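Scroll down for the structure; my scribbles are underneath it.
Just so it is clear, none of the values below were taken in a lab; they were calculated from the coordinates. Keep in mind it's a predicted model, so treat the numbers as computed, not measured. Methodologically, a virtual Cβ is constructed for each residue, glycine included, from the backbone with ideal geometry; neighbour enumeration extends over all protein chains shown.
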Amino acid sequence: MTRGTGEDGRGDGDAAREPADGRERFPLLEESAEDLYEHAPCGYLSTLPDGRIVRINTTLLEWLGHARDDLVGRARFSDLLTVGGRLYHETHYAPLLRMQGRLNGIALELKTADGSRLPVIATSTVRTGDDGEPSLIRTVVLDARDRRAYEAELLRARRRADRERDRLQDLATTLQKTLLPPALANVAGLDVAAYYHIASTDEVGGDFYDLFPLSAGTWGLFLGDVCGKGAEAAALTSLTRYTLRAAAVYDPDPAAVLDNLNTVLNHEYNGDDPRFCTVLFGLLTPDRERGGFRITLAAGGHPPALLMRADGTADYLPTPGGQLIGVLPDVHIATTTLHLLPGDTLLLYTDGLTEARTAAAGGGEDRYGDDALLGFGRALAPTTAPGAVDAVRDLLGTFGTGVDDDTAVLAVHVPPPTDGPPFPG
């Protein structure tokens, strides 16, 4: 019978004579199991249940710098550990191993012959005899020096990042303070209070407010919010605040002030990255005949102010049609005039308050909204400027992390005559 040949010219029987494990092709597979044990890329250790070492491979001996006769039959596994490691072994490692029969990936430190420390990851299993009792403990030891160095570098990097974050938060807080007035003007016959709620310490917000004197017997006030956050928002906020002050000195008419601000912002930010703001600007003059103050309020796309009267009523001051400041070359400014009587309080706020997230009845989330704020004002009236600001501060606190945006509030209040009945709140 003729024997066939394959494509490589060998007879069909040649493959049959080749060892199935391929040792002729891969001579390294001829290495013995003993050599694999002794020179494995990890340490191997066998101990009796009492911890006495009965076998240890060459790899672990070289890591430790010991001779085999120094350890086998003479030392226990715990003798190789540091003081802290021995304490952990006796109180945790050994008891858990006896209960579970196996422990995986335990970080330990071994002592080397020269007194240095070798960080390792140990895994141990218990082998039982025919009687079911533990007869041998086998332990695999992995060199963790590179891992420990990597973890130390990660820890150093994290600490550097934490320090950098703290530094940036300090810078953001300092910058935020420079964008707000250090103190509001003291206006005779008027109580004033303000509050700024920071939603995130990592970024500078764009809310702003101020109250400042103009000509004799006249004061200006404003509150607003610029688009965006961070350095760009801070720059826009700074430009907006100082433009409003300068424009009010040039022409204190509220509509003219916002028109001038619109011209500046539109000219400065008319490129590929347009910027804008919403703002309320008011002109305050005392009413000598009727008492209280006359306030002319101009709005550029900003939420309406909330008026809380001395008689316990409250409502928004309508300023419909006011457009965002800085978007278009020509802007429509909405204005309204009111007489703030003794006992009345006017509250200006940014939309971080009304857009705060609250828990919904169905388990989801809703925005706080204008209607809720109006109800809040009606329940609060009559009140004072500090009373209104403190109430808003407490309200924001109830939202927790639901406040996504910074919130600024500014309240002005005309106190009742000192010789009249005491004012509540």
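For Arg156 and Asp70, what does the FRET efficiency come to when R0 = 41 Å and r is the distance between their Cβ atoms, rounded to the nearest 0.05? The computed FRET efficiency comes out at 0.65. Does anything in segment 291-327 have its amide N under 16 Å from the 7 Å Cα→Cβ label point of Thr218, and if so which residues? Residues 294-298 fall inside that zone. Mind giving me the FRET efficiency for Thr82 and Asp370? R0 is 51 Å, r the Cβ-Cβ distance, nearest 0.05 is fine. Once rounded, the FRET efficiency stands at 0.15. Sequence-ordered 3J(HN,Hα) estimates for segment 149-166 from the Karplus curve with 6.51, -1.76 and 1.60 and θ = phi - 60° stand at 5, 5, 5, 5, 5, 4, 5, 5, 5, 5, 5, 4, 5, 5, 5, 5, 5, 4 Hz, glycine and proline given as x.
Spin-label model, Leu96 to Ala379: label points 7 Å out along the Cα-to-beta-carbon direction sit 5.2 nm apart. Using θ = phi - 60° in the Karplus curve 6.51 cos²θ - 1.76 cosθ + 1.60, the 3J(HN,Hα) couplings for segment 401-410 round to 6, x, 8, 7, 10, 4, 9, 10, 10, 9 Hz; x is entered for Gly and Pro. Here each label is just a point 7 Å from Cα along the line to Cβ, and for Ala360 and Arg127 those points are 6.4 nm apart.
Less than 5 angstrom separates the built amide H of Ala305 from those of Leu317, all sequence-distant by 5 or more or on a different chain. State the label only: which of (i) 39.3, 133; (ii) 21.5, 75; (iii) 21.3, 66 corresponds to Rg and Dmax of the Cα atoms in Å computed from the shown model? Looking at Rg and Dmax of the Cα atoms in Å for this model, the match is (i).
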